[in-house]
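**Q** Handing you this structure, nothing more for now.
The values are calculated or read from the model by the stated rules, or taken from the named source; none is laboratory data. This is a predicted model, so every value here is computed, not measured. All Cβ positions, glycine included, derive from the backbone under ideal geometry; neighbour counts span all protein chains shown. We work out accessible area using only protein heavy atoms, side chains counted, and drop any ligands, DNA or RNA first. Shrake-Rupley method; radii C 1.70, N 1.55, O 1.52, S 1.80 Å.
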Amino acid sequence: MIHAVVLAAGLGTRMCSPLAKVLHPLLGRPMVGWVLSALRELDAEVTVVVGHQAEAVEAALSAPGIHFTRQEQPRGTGDAIRSALPTLPSQGPVLVLAGDTPLLTAATLRRLLNGHQGPVTVATFEVEDPTGYGRIVRSEAGIRIVEQADCGPTEAAIREVNSGAYVFEAAFLRESLADLQPHPPKNEYYITDLVTTGARALSGFSAQEFMGINDRAALAEARLLLRRRVNRGWALKGVDFPDLDSVEVEVDVHLEPDARLGFGSLLQGKSRIAGTVGPHCVVRDTVVEKAATLLAGTVAEGAVLHSGAQAGPMAHLRPGTVLEAKVKVGNFVEVKNTQLHRGAKASHLTYLGDAEVGEDANIGAGTITCNYDGFHKHRTEIGPGAFIGSNSALVAPVRIGRDAIVGAGSVVTEEVPDGSIAVARPPLRISKGSAERLRKRLKGGA
Ligand code: UD1
Ligand code: CA
């Protein structure tokens with residue numbers, strides 16, 4: 001059993017955010033959650049050091065095998081690790097990671113653990129621009145780490161840097177923590193001061209994997225890299241992507257082989273996709289079965305599209321939407337808590353809320369179910385084979401019978417029995433040949 005400590009108590013000032021840095025989401029999982037998921041693959045017993053917004057961080061991460069300790073004040077990484085001591089064994093290796101390196105993988109952590117020797121081993125990598133990282137200073141005497149703020153010109157030029165991931169012998173950690181001295185001007189304790197005589201610097205790690213997220217530019221970069229990694233995994237299982245960058249698939253989404261995803265779509269929550277999601281769709285907690293399609297620009301949440309159903313372009317499917325086989329929901333149609341049975345169609349500009357639409361019913365453009373009276377929601381039932389003319393208002397609660405016809409522009413306030421016709425509109429007045437007279441009058445200003 002390997003023990004690990006994740007430092008997640010810092011303020012994260014550079015994020016300029018009211019949300020704790022380590023909770024910033026990446027593909028539906030908080031930043032620090034990615035570190036924990038790599039550790040889960042190692043079956044590690046994990047202590048997370050929390051401080052800034054401790055309750056929120058604990059609530060977001062709480063899971064079996066995860067313990068929390070509190071750092072009362074953010075007095076540096078060296079102080080943070082101190083608060084984890086009571087949860088650590090008296091001997092053996094302890095993996096220490098930062099909560100702001102979400103790209104690291106279990107394979108990399110294994111490499112670090114396998115390369116551990118002596119009292120402490122630090123993972124290092126080389127970068128073009130080392131600004132912000134602690135520099136690895138190698139000399140006859142061994143290695144040490146010099147933080148950005150303390151670098152002279154020679155040290156500043158060193159391109160080998162501290163990843164922020166270490167393996168410590170628990171006994172060494174206990175003994176040496178007492179000797180740490182604070183660094184002015186902020187009087188912070190640095191964990192990097194524990195990398196001293198006898199320490200090992202294990203080099204050659206990937207700079208990308210250890211990218212520390214300190215600001216939103218790095219956060220956006222990390223998001224792109226994670227998208228690629230996740231999308232690549234799905235693409236290798238047979239999911240069709242237009243590219244590996246523009247589609248974002250959150251971690252709890254499930255995709256089936258041969259699902260097709262369009263440019264710029266966001267797949268969120270617990271969505272399950274076996275069919276096609278067109279470009280620029282936002283899909284949350286939605287099921288798209290095989291041979292079902294969401295066309296471009298559609299927003300769907302809590303909806304189910306059965307095989308052969310189609311929605312969009314630019315449809316809005318809200319929670320409780322069920323589209324059965326051969327249902328067509330077209331552009332600028334909003335559907336909420338409504339089931340459309342097999343073959344029903346609402347092709348344009350419609351609101352269907354708290355309704356049931358029977359098989360093969362046809363809902364004309366501009367139809368509105370008036371489901372809300374300002375106090376309560378009411379249901380609309382539209383029978384199989386019914387035809388609702390364009391621009392009709394169905395004032396719920398109301399039932400339109402099987403095979404009934406509602407004339408265009410009608411306001412329907414009572415039940416239309418099966419097979420009946422309902423038309424409710426003011427009579428049309430025709431004034432033959434009057435158009436020219438009216439024009440003349442208007443032109444003359446009279
Ligand atoms: C740290 C290292 C630096 C390394 C870099 C790698 C130190 C002093 N410096 O710098 O050598 O190159 O990581 O990314 O360690 N934290 C606490 N309590 C605190 C302060 C920080 O828990 O009082 C946590 C933060 O939440 C964060 C992690 O420790 O997850 C690292 O802190 P951060 O302030 O990001 O350190 P860096 O300046 O990046
Ligand atoms: Ca950092």
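**Q** Determine whether V167 is closer than 30 Å to V251 by Cβ, away from ligand 2 (no atom under 16 Å from the Cβ), in the same structural domain as L7 (by TED's automatic domain parsing) and more than 30 Å from the chain's Cα centre (by Cα).
**A** Values: closer than 30 Å to V251 by Cβ: yes; away from ligand 2 (no atom under 16 Å from the Cβ): yes; in the same structural domain as L7 (by TED's automatic domain parsing): yes; more than 30 Å from the chain's Cα centre (by Cα): yes.
So V167 passes the test.
**Q** Residues to consider are D100, D43; find the one that is open to solvent by 60 Å² or more (accessible area, probe 1.4 Å) and in the same structural domain as S163 (by TED's automatic domain parsing).
**A** D43
**Q** For the range 327-387, which strands (runs of 3 or more DSSP E) that fit wholly inside it have 2 or more residues that are surrounded by fewer than 21 Cβ atoms within 10 Å (Cβ to Cβ)?
**A** Values: elements: 328-336, 345-353, 355-357, 368-370, 380-382.
Passing ranges, in order: 328-336, 345-353, 368-370.
**Q** Residues L244, L219, L226, L236: which one is away from ligand 2 (no atom under 16 Å from the Cβ) and closer than 14 Å to M31 by Cβ?
**A** Working: L244 fails: closer than 14 Å to M31 by Cβ; L219 fails: away from ligand 2 (no atom under 16 Å from the Cβ); L236 fails: closer than 14 Å to M31 by Cβ.
Every option except L226 fails the conditions.
**Q** If A218 meets every condition in (1) open to solvent by less than 60 Å² (accessible area, probe 1.4 Å); (2) touching a residue at least 24 places away in the same chain (Cβ under 8 Å) apart from one, which number is that one?
**A** Going through (1) open to solvent by less than 60 Å² (accessible area, probe 1.4 Å); (2) touching a residue at least 24 places away in the same chain (Cβ under 8 Å) one by one, A218 breaks only (2).
**Q** With respect to the numbered conditions (1) of a type in the set (G, A, S); (2) in contact (Cβ under 8 Å) with a residue 40 or more places away in the chain; (3) buried (at least 24 other Cβ atoms within 10 Å of the Cβ), which one is the sole condition not fulfilled by G10?
**A** (3)
**Q** Would you pick out the residues in the range 46-88 that are farther than 18 Å from Q181 by Cα, more than 24 Å from the chain's Cα centre (by Cα) and either within 16 Å of ligand 2 (Cβ to nearest atom) or not assigned by TED's automatic domain parsing to the domain that holds G99 (or both)?
**A** Within the range 46-88, V49, G51 meet the criteria.
**Q** Now for a separate question. For Y190, state whether it is touching a residue at least 40 places away in the same chain (Cβ under 8 Å) and under 32 Å from the mean Cα position of the chain (by Cα).
**A** Against the criterion (touching a residue at least 40 places away in the same chain (Cβ under 8 Å) and under 32 Å from the mean Cα position of the chain (by Cα)), Y190 does not qualify.
**Q** Hey, another quick one. Across the range 13-40, what is the total count of residues that are open to solvent by 20 Å² or more (accessible area, probe 1.4 Å) and not in a helix (DSSP H, G or I)?
**A** Of the residues in the range 13-40, 8 are open to solvent by 20 Å² or more (accessible area, probe 1.4 Å) and not in a helix (DSSP H, G or I).
**Q** Of everything in the range 130-171, what is at pLDDT 95 or above, more than 13 Å from ligand 1 (Cβ to nearest atom) and outside any strand (DSSP E or B)? Give them in sequence order.
**A** G152, P153, T154, A156, A157, A170, A171 - these are the residues of the range 130-171 that are at pLDDT 95 or above, more than 13 Å from ligand 1 (Cβ to nearest atom) and outside any strand (DSSP E or B).
Here's the yes/no breakdown for (1) at pLDDT 95 or above; (2) in contact with a strand residue (DSSP E or B) (Cβ under 8 Å, 6 or more places away or on another chain); (3) part of a loop (DSSP other than H, G, I, E, B):
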site	(1), (2), (3)
Q181	yes, no, yes
T197	no, yes, yes
A218	yes, no, no
G238	yes, no, yes
P242	yes, yes, yes
D245	yes, no, yes
L267	yes, yes, no
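**Q** Would you mind stating whether G99 is within 16 Å of ligand 2 (Cβ to nearest atom), touching a Phe, Trp or Tyr at 6+ places or on another chain (Cβ under 8 Å) and under 20 Å from V46 (Cα atoms)? Give the derivation first.
**A** Numbers: within 16 Å of ligand 2 (Cβ to nearest atom): yes; touching a Phe, Trp or Tyr at 6+ places or on another chain (Cβ under 8 Å): no; under 20 Å from V46 (Cα atoms): yes.
Criteria not met by G99.
**Q** Let me ask you something else. Check the range 133-149 and report whether any residue there is open to solvent by less than 20 Å² (accessible area, probe 1.4 Å), within 16 Å of ligand 2 (Cβ to nearest atom) and over 18 Å from G78 (Cα atoms).
**A** Looking for residues that are open to solvent by less than 20 Å² (accessible area, probe 1.4 Å), within 16 Å of ligand 2 (Cβ to nearest atom) and over 18 Å from G78 (Cα atoms), one finds none in the range 133-149, hence no.
**Q** For the range 299-316, enumerate the residues that are in a strand (DSSP E or B) and either hydrophobic (A, V, I, L, M, F, W, C) or more than 21 Å from the chain's Cα centre (by Cα) (or both). Even if it seems obvious, please write down each step before you answer.
**A** Initial filter on the range 299-316 (in a strand (DSSP E or B)): 299-301, 303-305, 310-311, 316.
Scanning the range 299-316 gives V299, A300, A303, V304, L305, Q310, A311.
Residues are listed down the side, and each one gets a yes or a no for (1) crowded, with 21+ Cβ neighbours inside 10 Å; (2) within 30 Å of V96 (Cα to Cα):
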position	(1), (2)
F210	yes, yes
I213	yes, yes
R223	no, yes
G233	no, yes
D245	no, no
F263	no, no
V282	no, no
T298	yes, no
Q310	yes, no
